[in-house]
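The values are calculated or read from the model by the stated rules, or taken from the named source; none is laboratory data. Given the structure is predicted, the values throughout are model-derived calculations rather than measurements. For neighbour counting, all protein chains shown are included, and Cβ atoms are generated from backbone atoms with ideal geometry for every residue, glycine included.
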Amino acid sequence: MVKTGFKNIFLFLIILIFNNILANIHAQNLSENKALNDTARVADTLKVTPEQLQAVVESKAENIRNDIPKKMTYLNRKAQVKYQDMQIDADYISIDWNKSLIFARGELDSLGRIKTPAVADQGGKKYEYDEFTYNIKTRQAIAFNARTEESEGVIIAERTKKYNDSVFYMRRGKYTTDEYFIQKKDTIADYYLLAPNIKLIKGKDKSQVITGPIQLYVEQVPTPLVMPFAILPFSDKRSAGILIPSFGEREDVGFFLNSLGYYQPIGDHFDLKILADIYTKGSWTLRPEVNYKKNYRYTGNFSADIGTTIRGIKGLSDYSKTGTYRIAWRHQQDAKANPFLTFAASVDVVSNKFYNNTVNNNYAFNQNNLNAQQNSSVSVVKRFLTLPVTITGTSSYSQNFSTGLADLKLPVLNVAINQFYLFKPKTGIRQGLLENITVNTGLNFNNYVQTNENELFTGAMWDKMQTGLKNNIVLGTNTTIAKYFTFSLNANVDNALTTKSLSRAYNPVTNNVEDTFNKKITGYSSFSTGASLQTVLYGMLNFKRSSAVQAIRHMMTPQIGFTYSPDFSTPGFGYYKNYYNDRGEMTPYSIFDRGIIGSPNSGLVQALSFSINNNLEMKVKSKNDSVGTRKIKIFESLNFNTNYNFAAPSNRWSIFSFNGQTTIFEKLNINTGLNLEPYEITFAPGENIGVRTENFGHFSVQGFNAQLSYPLSSDIFKKKDAEDISKKYTKKGEIRNENYYFDEDNYSQFSQPWTLNINAQYSYTRSLTRFGNKMASIGLDGSIKLTPYWNITGNLYYDVISKEIATTQLGFSRDQRSFTINFNWIPYGPYKVYDFFIGIKANILRDALKYKDRSFNQPNAPF
């Protein structure tokens, strides 16, 4: 496929060569010039009548001979003809005045082969060829082995015929962008595109190439990348072209071509891309995508993914056929377009089993097939120049693939008033609690429904829809006491309305608790307040100057606070009601449960909270004498918090929570958390859910987690005094080995940069259960550059609990100067797949045969 683009460029370049040559030859209409002198090693100036030529034709050579009876002129060795802006240099040039033909040929070797090509130069553009013939009257020409450079590549055609200034035909045209071949450092191109027949049509603004079959050759070896025909434009702007697929095999669906497609620009602001995935066992996907962009205004795209996944053999039990779809829209407004009105969209709607069944391998390589949820949103933000108000409108859609339920918010309107000081002084600095009082408030209007995918936008969905209105007011202030203590006060007020309230009852017939929503407007008001006192304490432990450890510094930030909230579950408020459960016990519930405005606090809260944040650093001697000492973080943070509720009838202490983060050896990063239950938990016989007792002091682990990461690289082990390879070795390779240095024994020397990230995580959760849940995994991901041209990447994750390999992926890439070869492989898991791709680097072929489509991301896009 890539070959089509190359051959098109071949044709274009050859045509330019012929245009220049023909124009020069036409300018050399010497048929009436009979004043030539048969003189060797002399330069002649030929003057012709202005009716035939518009300028003087100059010619020179080491040997010039005129055959007047035959009306022929012969120029041998270092022959040159100039006319207007055209110059032809060749070893041999002959002019037949009777037939109006000019023939030029390059220099021959002892075997009669061209060793130095002829060159035509017109307007500073050079064209090379073995030989060519031009008819001055008809302006038609035939050239052999014409070579010309155009854009990023070079075209060579065995035979080229020019019919007129606009139409050219080429036979066996080759195109390559190999810079070594273009610069003549190498006589063989590392790749080229070959087309047996090419037609080039030139226009004022752009040219078009039409070819027959076109094929990619790598190291002169034909590849299976063949197209039956191609119609390709050449232009500096975005242009249409074939999108080259990758190919490989996936265990469950067979061999494939992935991302085969076509790219088509539409005007200045749109383009269209259509991709397809085809599998030998019958699976397929079609992926159209429209991109749009307007500079300094917005950018975005619409895309879809529609297909069918077939697994197994029809007629057998393992056969399945699943339809999938995905519809996406992305829109991003430029920040400069309108700072007072912003619109953004990220819409992604998929079928419930899309990620488990799509045959688009990109989802497997990017691990999207592990997605458990998909979110979509559209938002509009309005700001004002003179008002301290921000209005945000949002609609969102969330899909849960595990439950099959969808959450829809349509719409959510939030009005936020910027924070302000209630008693801010007109002049001077704010002082005291009163002048530091801040007010944060806003209004939230919400419409929410949770429904099944098949109920979307039906009467059943609208019947479940809930509407809520909530206002939140937060007051806060702080001041400094005795220079070292920060005292803070806060108050929080919530006012809420909703269109539905809950009634709950136990149904003895079905033995279930049943909820019924009442369609009536109801609401609540709630209040809470709190105060806190905080300070910072420092401790320093110094050691002897001769000691490796100079000092240890401990910074501790203790905080004590008090929170008060009324008991809104009392009957006087009417926010809570009771029902009798299956054991006949009276059970309280809030009429706002399962709603969208939350529920007011149940139970009186008079809680005293405690928290301590710690930072521990060590100062050690540095090996670098200019620095002297350096700091090492023992604990970047080590925190503890809990609270004691005086008003609670039982279990007044809450969970004791610890968390910490540190970096050891400046590389090993550790994050950890621990939750301790201060009360004894007892289990009834046969029960797996325990009960908290009042027996304080029997601490048990209710949760623990730890994450470790350790990044390694070749730079860590590199010696500071290591000598640079380029300075240590002077002998350097040529052509394909120019990135290698060689020692005295001709062994290549080069650096091998590598990275390796080691990740481990462990978590344990109990939550009053007899047996907790554990999760543990170890992961490796890294890369190594084996040579300047070979790169390997990979990752491996092992589930310690199930003792199975969770995720593994390997990638190999090879730089072949002007193109790259990529190979990706997933050897384990439900999506075992390998994918092979060849991509041309040249920008011109990213348009003609798109290794990467230019779209709107390239600099030549017309915006």
**Asked** Only one of 458, 467, 441, 451 is crowded, with 16+ Cβ neighbours inside 10 Å, among the β-branched types (Val, Ile, Thr) and either touching a helix residue (DSSP H, G or I) at 6+ places or on another chain (Cβ under 9 Å) or without any contact (Cβ under 8 Å) to a residue 12 or more places away in the chain (or both); which?
**Response** 451
**Message:** I'm told residue 526 meets every condition in (1) more than 27 Å from residue 421 (Cβ to Cβ); (2) in contact with an Asp or Glu (Cβ under 6 Å, 6 or more places away or on another chain); (3) surrounded by 15 or more Cβ atoms within 10 Å (Cβ to Cβ); (4) not acidic (Asp, Glu) except one. Can you identify the failing condition by its number?
**Reply:** (1)
**Request:** Collect the residues in segment 496-516 that are surrounded by fewer than 16 Cβ atoms within 10 Å (Cβ to Cβ), part of a strand (DSSP E or B), of a type outside the set (D, E, K, R) and touching a residue at least 24 places away in the same chain (Cβ under 8 Å), keeping them in residue-number order.
**Result:** 497, 503, 505, 513
**Request:** Scan segment 583-597 residue by residue and report those that are surrounded by 20 or more Cβ atoms within 10 Å (Cβ to Cβ) and either among the acidic types (Asp, Glu) or under 41 Å from the mean Cα position of the chain (by Cα) (or both).
**Result:** 595, 596, 597
**Asked** Is segment 668-676 home to any residue that is more than 20 Å from residue 614 (Cβ to Cβ) and either modelled with pLDDT of 80 or more or among the small types (Gly, Ala, Ser) (or both)?
**Response** no
**Asked** Any idea which of 620, 605, 549 is touching a strand residue (DSSP E or B) at 6+ places or on another chain (Cβ under 6 Å) and at pLDDT 90 or above?
**Response** 605
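Which one of 707, 749 is touching an Asp or Glu at 6+ places or on another chain (Cβ under 8 Å) and either over 23 Å from residue 667 (Cα atoms) or surrounded by 15 or more Cβ atoms within 10 Å (Cβ to Cβ) (or both)?
749
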**Fill in**
Of the candidates 65, 77, the one satisfying the condition of being on the phi > 0 side of the Ramachandran plot, over 57 Å from the mean Cα position of the chain (by Cα) and either surrounded by fewer than 14 Cβ atoms within 10 Å (Cβ to Cβ) or assigned to a strand (DSSP E or B) (or both) is 77
**Failed item in (1) aliphatic (A, V, I, L, M); (2) touching a residue at least 40 places away in the same chain (Cβ under 8 Å); (3) under 24 Å from residue 516 (Cβ atoms), with residue 481 passing the rest** = (3)
**Request:** For segment 542-563, state whether one or more residues are buried (at least 16 other Cβ atoms within 10 Å of the Cβ) and closer than 30 Å to residue 463 by Cβ.
**Result:** no
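Over 47 Å from the mean Cα position of the chain (by Cα) and in a strand (DSSP E or B), is that true of residue 534? Can you show your working first?
On the way: over 47 Å from the mean Cα position of the chain (by Cα): no; in a strand (DSSP E or B): yes.
For residue 534, the condition - over 47 Å from the mean Cα position of the chain (by Cα) and in a strand (DSSP E or B) - is not met.
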**Prompt:** Does segment 668-681 contain any residue that is crowded, with 16+ Cβ neighbours inside 10 Å and touching a Pro at 6+ places or on another chain (Cβ under 9 Å)?
**Reply:** yes
**Message:** Quick check on this structure: which one of 273, 293 is part of a strand (DSSP E or B), of a type in the set (D, E, K, R) and in contact with a Ser or Thr (Cβ under 6 Å, 6 or more places away or on another chain)?
**Reply:** 293
**Message:** So residue 577 passes all but one of these: (1) among the basic types (Lys, Arg); (2) touching a Pro at 6+ places or on another chain (Cβ under 9 Å); (3) free of Cβ contacts under 8 Å to residues at least 40 places away in the same chain. Which condition number does it fail?
**Reply:** (3)
**Message:** What are the pairs with Cβ atoms under 8 angstrom where one residue, in segment 726-741, is closer than 23 Å to residue 187 by Cβ and the other, located anywhere, is in a helix (DSSP H, G or I)? Sequence gap at least six, or different chains.
**Reply:** 735/180; 736/180
**Asked** Is it the case that segment 747-759 has a residue that's more than 32 Å from the chain's Cα centre (by Cα) and not in a strand (DSSP E or B)?
**Response** yes
**Message:** List pairs: first residue in segment 83-110 and in a loop (DSSP other than H, G, I, E, B), second residue hydrophobic (A, V, I, L, M, F, W, C) and surrounded by fewer than 20 Cβ atoms within 10 Å (Cβ to Cβ) anywhere in the structure, Cβ distance under 9 angstrom, at least six positions apart or on different chains.
**Reply:** 84/55; 97/72; 98/72; 106/114; 106/119
**Asked** From the list 340, 234, which one is at pLDDT 90 or above and among the aromatic types (Phe, Trp, Tyr)?
**Response** 340
**Message:** Restricting to segment 341-370, name every residue that is part of a loop (DSSP other than H, G, I, E, B) and surrounded by 17 or more Cβ atoms within 10 Å (Cβ to Cβ).
**Reply:** 351, 352, 358, 359, 360
**Complete set of residues in segment 319-340 that are touching a residue at least 40 places away in the same chain (Cβ under 8 Å), in contact with a Lys or Arg (Cβ under 6 Å, 6 or more places away or on another chain) and exposed (fewer than 13 other Cβ atoms within 10 Å of the Cβ)** = 340
**Message:** I'd like to know if segment 790-799 contains one or more residues that are more than 30 Å from the chain's Cα centre (by Cα) and surrounded by fewer than 15 Cβ atoms within 10 Å (Cβ to Cβ).
**Reply:** no
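Matching residues to (1) more than 17 Å from residue 343 (Cα to Cα); (2) among the hydrophobic types (A, V, I, L, M, F, W, C); (3) in a helix (DSSP H, G or I):
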site: 374; (1), (2), (3): yes, no, no
site: 385; (1), (2), (3): yes, yes, no
site: 392; (1), (2), (3): no, no, no
site: 395; (1), (2), (3): no, no, no
site: 406; (1), (2), (3): yes, yes, no
site: 412; (1), (2), (3): no, yes, no
site: 426; (1), (2), (3): yes, no, no
**Asked** Somewhere in segment 164-178, is a residue closer than 17 Å to residue 242 by Cβ, modelled with pLDDT under 85 and in contact with a strand residue (DSSP E or B) (Cβ under 8 Å, 6 or more places away or on another chain)?
**Response** yes
**Fill in**
Reported set for segment 390-424 where residues are of a type in the set (Ser, Thr, Tyr) and either without any contact (Cβ under 8 Å) to a residue 24 or more places away in the chain or in contact with a Gly (Cβ under 7 Å, 6 or more places away or on another chain) (or both) is 394, 395, 396, 403, 421
**Asked** Among the listed residues 604, 638, 608, 616, which satisfies the condition of being exposed (fewer than 15 other Cβ atoms within 10 Å of the Cβ), of a type in the set (A, V, I, L, M, F, W, C) and touching a residue at least 12 places away in the same chain (Cβ under 8 Å)?
**Response** 608
**Message:** Need a quick list: strands (runs of 3 or more DSSP E) entirely within segment 547-598 having at least 2 residues that are farther than 30 Å from residue 535 by Cα and in the same structural domain as residue 531 (by TED's automatic domain parsing).
**Reply:** 576-580, 586-590
**Complete:** Counting only residues in segment 215-230 that are under 17 Å from residue 189 (Cα atoms) and in contact with a helix residue (DSSP H, G or I) (Cβ under 7 Å, 6 or more places away or on another chain), the one surrounded by the fewest Cβ atoms within 10 Å (Cβ to Cβ) is identified as 215
